[in-house]
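Report on one structure; see the data block that follows.
The numbers here are math on the coordinates, done by the rules we state, and not lab data. Please read all numbers here as calculations on a predicted model, not as lab measurements. All Cβ positions, glycine included, derive from the backbone under ideal geometry; neighbour counts span all protein chains shown.
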Amino acid sequence: MGVDNISAVLPSASLRVRRWIGIWLLILLLAAGSIFVPVIRRPILQAAGWALVADDPLQPAEIIVLSVGSDGAEFLEAADLVHQGIANKVAVFEDIDNPMLVRELRRRGLPYEDSAQRALRELRELGVENIEQIPQAVSGTTDEGAVLANWCDQNRFPAVIVVSPPDHSRRLRRILHRTMKGHATKVSVRYSRYLEFDPDRWWQKRESRGAEIEELEKLLLDVGRNPIS
C-alpha cells in the first residue's frame, strides 16, 4: 500500500500523520527486503535496534520509579541515581496478586515474595532506605502510564524519573508522554546501564533475538496507532 492509497483510506488524517504512517511502512518494507539483500541487512537491523532505545537527559527529580517488571539491573540503576543525589526516594508498583501460588507455597512450607517485596528488599540491600510502594498493581505498560499519571497528580511531584530496560525505553517513553500530557509532572526515562543490549548487534544473540523482535513489533504497533507521540 503506497502513501497515496493511505491518504484515501484515512481522508480525515492530517498530512503529518499520513507521512509518519508512510515512513513506518517504508521501514517495514526495507526490513523485509533486508532478509534477502545482505548488503543492506546490517544497517537496517542496527537502525531497528537504536529505534528501541530512548534516554532522556539526567536531571534532579523528586522520586525514581521502577518500571513494571523491573529486575536486578533496574534496581542497581535506581540505587546509583540515589547515591548520585539525583533523587532521594525510589517507588515500585504493587504486584498483581496470585492467590493460588501463595496458598500452594504456604502449603508446602515455602516463603512467598512477590516482585514488589523483592524490589524493596534488594533496594535496601543496595543502600536505598527511602522506598515507597505505589498502591496499585498494573498489568502492562499502558496501565503503567495511566496509574503513574494519577499517582503523580496525587503527590504533586514536579519531576520523576522512570527506570526501564534499554530495549523497552522508547515505547515506554512514548506511552508516558501521551499519558502525562496535560499533567504537571515532568517524566523522563532512564534505561539501565546494567543490561547487555547492543543496538548494533542485537540480532546476533539467539537467546534474546525473539524478545527484541517482539519489542519491535510492539513499538511499530504503538507508532501505527499513535503516529505523533
(request) Identify all lysines with a Cα-Cα distance to K186 below 19 Å; exclude those on the same chain that are fewer than 8 residues away in sequence. (result) K89
(request) Count the net charge of all other residues whose Cβ sits under 10 Å from the Cβ of F93, scoring Lys and Arg as +1 and Asp and Glu as -1. (result) -4
(message) Expected output is a single nm value to one decimal: the length gained when fully extending between Q59 and A211, i.e. 0.36 nm times separation in residues minus the C-alpha distance. What is it?
(response) 51.7 nm
(request) Output ³J(HN,Hα) for the stretch 146-162: one whole-Hz value per residue in order, computed from phi by the Karplus curve 6.51 cos²θ - 1.76 cosθ + 1.60 with θ = phi - 60°, and x for Gly and Pro. (result) 5, 5, 5, 4, 5, 5, 5, 4, 4, 9, 6, 7, x, 8, 9, 10, 9
(message) Give the aspartates and glutamates whose C-alpha is closer than 17 Å to that of K181, dropping any in the same chain fewer than 8 places away, or say none.
(response) D56, D143, E144, D153, D222
(message) Once R0 is set to 45 Å, what does the formula 1/(1 + (r/R0)^6) return for the Cβ-Cβ distance between E125 and I40, expressed as a FRET efficiency to the nearest 0.05?
(response) 0.45
